[in-house]
Structures are given as structure tokens and as C-alpha cells.
1. Which condition number does A:SER281 fail, the rest of (1) open to solvent by 60 Å² or more (accessible area, probe 1.4 Å); (2) under 30 Å from A:VAL222 (Cβ atoms) being met?
2. If I ask for residues that are in contact with a Lys or Arg (Cβ under 7 Å, 6 or more places away or on another chain) and open to solvent by 20 Å² or more (accessible area, probe 1.4 Å), which ones from segment A:300-327 would you list?
3. Output the residues belonging to segment B:158-201 that are under 29 Å from B:ALA427 (Cβ atoms), part of a helix (DSSP H, G or I) and not aliphatic (A, V, I, L, M).
4. Given the residues B:LYS331, B:LYS376, which is the only one that is in contact with a helix residue (DSSP H, G or I) (Cβ under 6 Å, 6 or more places away or on another chain) and under 29 Å from B:PHE483 (Cα atoms)?
5. Out of all the residues in segment B:127-136, is one or more hydrophobic (A, V, I, L, M, F, W, C) and within 19 Å of the chain's Cα centre (by Cα)?
6. Of everything in segment B:100-132 that's assigned to a helix (DSSP H, G or I) and among the β-branched types (Val, Ile, Thr), which residue is farthest from the other protein chains (Cβ to nearest Cβ)?
7. So the check is Cβ under 7 Å with 6+ separation or different chains; which pairs have a first residue in segment A:147-173 that's more than 19 Å from B:GLU119 (Cβ to Cβ) and a second one that's open to solvent by 10 Å² or more (accessible area, probe 1.4 Å)?
8. Open to solvent by 10 Å² or more (accessible area, probe 1.4 Å), of a type in the set (Ser, Thr, Tyr) and either within 30 Å of B:GLN270 (Cα to Cα) or in contact with a helix residue (DSSP H, G or I) (Cβ under 8 Å, 6 or more places away or on another chain) (or both): does that describe B:THR2?
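The values are calculated or read from the model by the stated rules, or taken from the named source; none is laboratory data. Values in this document were obtained by computation on a predicted structure and should not be read as measured data. Cβ coordinates were reconstructed from backbone atoms using ideal geometry, including for glycine residues, and neighbour counts include every protein chain displayed. Side chains included, ligands, DNA and RNA excluded: accessible areas come from the protein's heavy atoms. Shrake-Rupley method; radii C 1.70, N 1.55, O 1.52, S 1.80 Å.
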Amino acid sequence: MIKLKQLKKTYPNGTHALDNINLTVAKGNICGVIGKSGAGKSTLIRCVNLLEQPSEGSLHVDGVDMLSLAKNDLREARRHMGMIFQHFNLLSSRTVYENIALPLELIHEKKEQIENKVSALLELVGLSDKRNTYPSQLSGGQKQRVAIARALANDPKVLLCDEATSALDPETTQSILTLLKDINKKLNLTILIITHEIDVVKQICDQVVILEAGKLIEEGSVFDVFSQPKSELAKSFIRTALHLDLAPEVETTLHADENKQQPPVLRIEFIGEAASEPIISQLVSKYNVHCNILQANIEIVQEQTFGVMVLEAQGEPDNVKSSIDYLKQQDIRVEVVRHDNR
Amino acid sequence: MTIVNLLLPALWQTLYMVFIASLISAVIGIPLGLLLFTTRKQGIIENLWINRTLGIVVNAVRSIPFIILLVAIIPLTRFIIGTTIGTAAAIVPLTLGAIPFIARIVENALVEVPYGLTEAGLSMGAKPRQIMWKILFPEALPSIINGLTVTIVAIVSFSAMAGAVGGGGLGDLGIRYGYQRFDVGVMLATVAVLIVLVQIIQMIGDYFAKLCNKNITSHKSKWNKWWTLFGVLGLCVIFITPNIVEDVESHTQNDITLGCIAGPETQLMQTVAKVAKQRYGLNVKLVEFSDYTMPNTALNDGDIDANYFQHIPYLDAQIKARDYKIAAIGKGFIYPMGLYSKKITSLQQLPDNAKIGIPNDPSNEARALLLLQKAKLITLRKGVGVNATPHDIISNPKHLQLIELDAAQLPRSLSDVEMAAITNTYATSAGLKLKDAILAESTDSPYANVLAVQTKNKNNPKLKELVKALQSNASIKEAQQLFGDGAVAAWKKQ
């Protein structure tokens, strides 16, 4: 649906905002573009609907070569791409209803048709009761819902989201993401999301792109990238997303009384099917190793389980060793974070 | 004439001028402001060439002093209104002066609209025109309305200068009666009405700005666009109808429009008009001017039939300079100029470096210089005569400092200068008597005011009757009442 080839954007002052970006987003997919601020994310999404003109490369949306379009055709093409923004960009002078009706007014749609369409959209985003309120009386989440409804007014094939949840609190973010996922499914809408929050990617994206300094440094399905991040940046994002780091309290416990004889501490990571095995009970019954769980976390990404557990393995040193081997055989990553010093 | 009789028509004229000028300048200025904003660098229809050209034009018009603009655009005014004098004619310069002002105000209001809204518009495929009128304009409307309110108040104060083209209005009334005739009552009343008017304009402006500012919570009454439209249309009808009626009834055969200078001379001409009506059945309509250039321009262009405000030397100089086809057909009064002082009683007491107030209009300035030469205080270049300016002074042994002031301002300046040359028109109203002057023009001076008409109408019998009315006993009586010993009937001495 969206296809970028060797896309470059260089500003007159010589900075390369985008450098050789190749990206394909399939129809109905949600693709998250993540990067730190200044990585070129906003430029990338603005190049897709040509709010910014790329310097080089090719850009196709729904099979249309966007860069060859005349002004009028470009406007027409943009009508099939909705866009929502970090700061909502609603017109303060218009009511909720009038804001959503704006894209339809622009194409001189008939009154009754506007009425029908807007009512349906209000229903979809759950704001039917706010139809005659002005944006200044809405909460951030409600404003973004209005913006989403407005972006959907022209039945777009693509929805571009520019940091759509960055100005919202976690709970509201959650509800907006659920809504986006919902319309993605209902309308088979292709969504491109720009964000700096890995949680957004974790929760709703099928595909993830990592940008750093204008370059695409990693790309793939969310499951692949989450289970096997390659770049340092990807690893750091994923550690955050999956809470893989040791909690500070656990860290302190590990380093306390280092001279004292203590059992080893293991950090185990399990992904997908491995997570469904009853491993802890296996350790007890097979190796007589008792586990004292210091930290545990399970995340579900793309319907796959990502788990991490930090445990103190109490048992005979030899038994502990064999149990580690057993775990490794089960496709579970094991790291000894405190060695057996007994 | 009671104050109310003066105030009501003036209030009407001000409302009429300000309303129409505001309306038209908003209609033109708002799109211009949008264009200024959107053609900027990075604007939605970036076009630096248009942007800079417009910017220069807007700045140029804004930098022209209003009174100069008023005179400079006379041909345009004639083209649009058909005449260059009267209230309607004053609307053209007022409008032209306000348009660039509004354009800049609108441009500045648009800068405040977050760029994200333009971006949102672009992303939904809006055309530049749609972004301007559906997004930028409504979003900036509250601050545009605030700016318009400021402009309208500015137009009210600019309209005071409409007196220069006989436009009337409250400001002009205040100047003519309060300032030039030293009538404090009228001046205060005028100012009071102006203050109330400006307060009301501000209140209405604030109300509308608040009404369309949806960022403020609690707006129970939704602004009904139709009511506003009806209101504006209604006001248009109210303002325009009487003007049309006025135009239709104008000019039957016995009508004469007579231009005169605001101040006591107008009162004198009212008497003349009365005599002309009684004796000859003439309907003399007076058009008051507050500047000395416009009456001749208006006469030459046929906007008025006659004027009475100038002496022969001035008329001759004007004809020579501007190639007017006008001529004097009868003398009226001489108002001898005098040198007055509150500080000294004879010329001998005049110290070195003394400040001398003189009128700043060309003809009376020359007159004052000639009077100072007569007093042997200065010497002028030979032969400059009635065209003398301070640059023609070739000797000034006492190093007198000449302070050029508005003629009506001179009596007020007596506490600040050693001596002032004051024409009798203003001396009398300020309570000065010719006999108190340290030195006065002799009554044989060439400065008799004359009735001037277009050269082709020189022998028009109606206009000759007007001369007779001017030279009637009734007018001498009125002149004595107005000017005391300061007005001499010039025709009697021939």
C-alpha cells in the first residue's frame, strides 16, 4: 500500500533528514516508525503525503506514483490519506460536528450525506454526545478521537499518525490505541504510526521500523524485532518495552554481602511456546532445585508471550548446573547474573 | 443654533463616513491581509514577488500623512463618487487609508494561527483558497475583530480631518466651533459624544470578538450568522438611503453651492445666504472647508459654484501655480492682520531673539512677513511680495525666531511667544481687538477677501446676485457683530 524506495530528503542547509529509506507497508498492516527525536520520523511521515517534498527516490501509495502528480491530483490523492497529529490540530472555531464535516465540505458534499457520514463517525469514535461542543471543552483523548473521525471522513485507504498519543496520559493513550487497532480491523485500514514510545509499537503494530539519524537501521515484523533485536538502539527499546532490565531492588540484593556463601541467581528469558512449558515445576521435580523468584514479567506482543524471570536457584551445585543445561535445551535464554560462590 | 442641532448632523456624518469606510476597507483589507500572509516565504501560495510588491504598496500608503492622501487621491475620489467634496467624498480617502492598516492587522492575526491547522488542511486535500477561508480566517476571526475595532476607532479620529473636503462630522465640528471659533461648549460636547461613540464601538467589537472566540468556555448563545448579516444589511440601508435621497433632490436652477472656510466666516456667509434667499430667491448651500487648498480645487472642478475665503494675492498665486480657470467677481471684507502681544506694548520693547508666531498657511504667512517688514523688523528679498516665505528674509537684525503655527492656534500661543501675527478672523473670536494690536495692516491692504467663481460663469446673473447679497447692509452688520472693528467692507472704498 505504501512503498518508499531510496527516499532521500536533504534540507537546503545540507542536513540529511532522510537517507536512502526503503520501506513497504502491506495493505491492512499497522507499521510503527520509532526513533529518538531528530531521527527524521516526522519528515518521513510528511513525505508520504508530500507535506514535505522528498529530494530523491520514489514513493508509491496504493500504486500511485505520488511524485509525478500534478497539484490537483495530489490534492485528490491526499483525500485518500487521513492524517492525525500530536496536537490534534482541530479548528477551535468549529464544533466537533463541524470539524469532522470539514473534509466533506471541502469536496462540496451534500448536506444530508455529510450528516449521515459524520453521525456514523461520531458513533465509531464514541463521541455522539459531544457533537455540538467546541474542542476547547474536550479532553485530550476526546480531541484525538475527533481528529481520528475527521481523518476518516473521506474513507481513506491510509491513516498517517504523527505522534498521535504523545500528548496524552497513559490511560488515554491506551484507549486511543485500542480505537486505532479497532478501525484497522473494521476498515482494513493501513496505518503508519510515528512514535518515540516503544509501547505504542508493542501494543498495536504488526511491523516496526527503527530510524536513527535519518537512516533506517532495522525493520521487520514486530515479533521478529522484539525477539531478536540486532541494533543497539533496537535492543535498548526492547529492553524498555519488555521490562528486561533487572529491577533496582533486585540489583541491590545481588550485590549485597558478596563474600557470603549464596546460591546462584539466574535470569531466564522465554519467548512464544517455551513460555507455556511448566519449567519451574520441572526444575523441582527433575533436579530438586528450588526456585526463589526475585522478579518476573510477562508481556504479550503480537499474541506471543515474552517473559523474563530472575530467580535464585537453591540446590546442589551440580544439580543447578544440569538444570541450566535443561533450560537451554528448551530454547530458553539463561544468564547467570550471580555465580555460585559456595 | 442649539448644540443639539449642530451635534446631530455631525454625529450622523461621522457614523455615515466611519461605517461605510470601515465596511469597504474590511471587505478589501481582509483578503489583502490573507494574501500578504499566504504569499510569504513558506506560505501556502508562496510568491515572494507578489508579497514584496504588496508589502511595499501597503507600507507606502500607510506612511502617507492622511491630509496629503486626502488631496493626492482627488482624481480617484472624483472617479468613484463624482465629486471631491462632501461626506461621501471623504469616505474614499478614509477607506484607502484604512485598507493597508486592516491588511496588516489581518496578517498579524493570521500569524497567530498554529501552522498545524494549515498542515491539517493540506493533508485533507484543501485548496489554498479553502485553507484561507475555511481554516485561517475563521480561526483568526476573534483577533481580526479586535483589530478591526482598533481600526474603526482610528477611522473615527481620521474622519476629523474630513473637514478639509467639506465632509463634516464630529471631529470637524469640534475643530470648527471649538478650536477655530473658541467655543468651549461645543468643543466639550463634541468630545463627549466622540468618547461615548468610541466606547460603544469598543463594546460592540469586544462583544463580537467574544462571541466568535470558542476558546472561552460558556457560550450558550450561538452566534447566528444570519442575524449579523441582517444587521449589516440593515445598517447599509439606513446609511445609504438618505444619501441617495439627498443626491436626488440636489441642484435645481436657483441652487448655488458656496465654499467657505470653517469658522466665523461661515457664520457671515450664513447671513449672506439668508439675504440671497430673501431678495433673489437663491438657495445657497454652504460647504465648509478647513483647509485653504481644497476650496479652489473644488471650484475649478465644478464641485462648488463659488467660494469666498481668499484675498486677491492668494487667488492670483493659486491660479498661476495650478492653472485654475477661476476669477474674482466681487470683493467682500478685509480683515486686517495685526501684531498682538501679551508681553510688550510697543515694538521698541521687542527683545533680541524674540519668538514671533506667524500663520503657517502660505498666503497668510506671506502677509505676516510683509507686516513684519512694514514694522522694520525684517527685510525681504525684493519683489517676492505676496509669495514671501521665511526663506526670503535677507536681514533679521533682531534674530527674531519665527514660529509657524496654524492660524487658529496663534491667539492661544500668545503666552508662549513675544508677539504673534493674527488675522482678524481669529483675533476677534479669541477676544482680541484690532485697536489693541501693536501694529495693524492699513485698511488699504490688497487683502480683501473676494467671491470667486469659474471663469466661464463670470457673467452668470445668479452669481452676480450673490455678490450683491455679500455686499448688503445685512452682511456689514453681521460682520461688525462678528469681527468688531476688524472687518472693513472693501467694496465701499473703491
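1. It is condition (2) that A:SER281 fails.
2. Within segment A:300-327, A:PRO317 is the sole residue that qualifies.
3. Listed by number, the residues that qualify are B:GLY163, B:GLY171, B:ASP172, B:GLY174, B:ARG176, B:TYR177, B:GLY178, B:TYR179, B:GLN180, B:GLY185, B:THR190.
4. Step by step, each of B:LYS331, B:LYS376 is checked, and only B:LYS331 is in contact with a helix residue (DSSP H, G or I) (Cβ under 6 Å, 6 or more places away or on another chain) and under 29 Å from B:PHE483 (Cα atoms).
5. no
6. Initially, segment B:100-132 is screened for residues assigned to a helix (DSSP H, G or I), giving B:100-111, B:115-123, B:128-132.
From what is left, the residues that are among the β-branched types (Val, Ile, Thr) are B:102, B:105-106, B:111, B:118, B:131.
Details: B:ILE102: 20, B:ILE105: 18, B:VAL106: 15, B:VAL111: 16, B:THR118: 9, B:ILE131: 9 Å.
Only one residue tops the list, namely B:ILE102.
7. Listed by first residue and then by second, the contacts come to A:LYS157/A:MET1; A:LYS157/A:ASP62; A:LYS157/A:HIS80; A:LEU168/A:GLY140; A:THR172/A:GLY140.
8. Yes.
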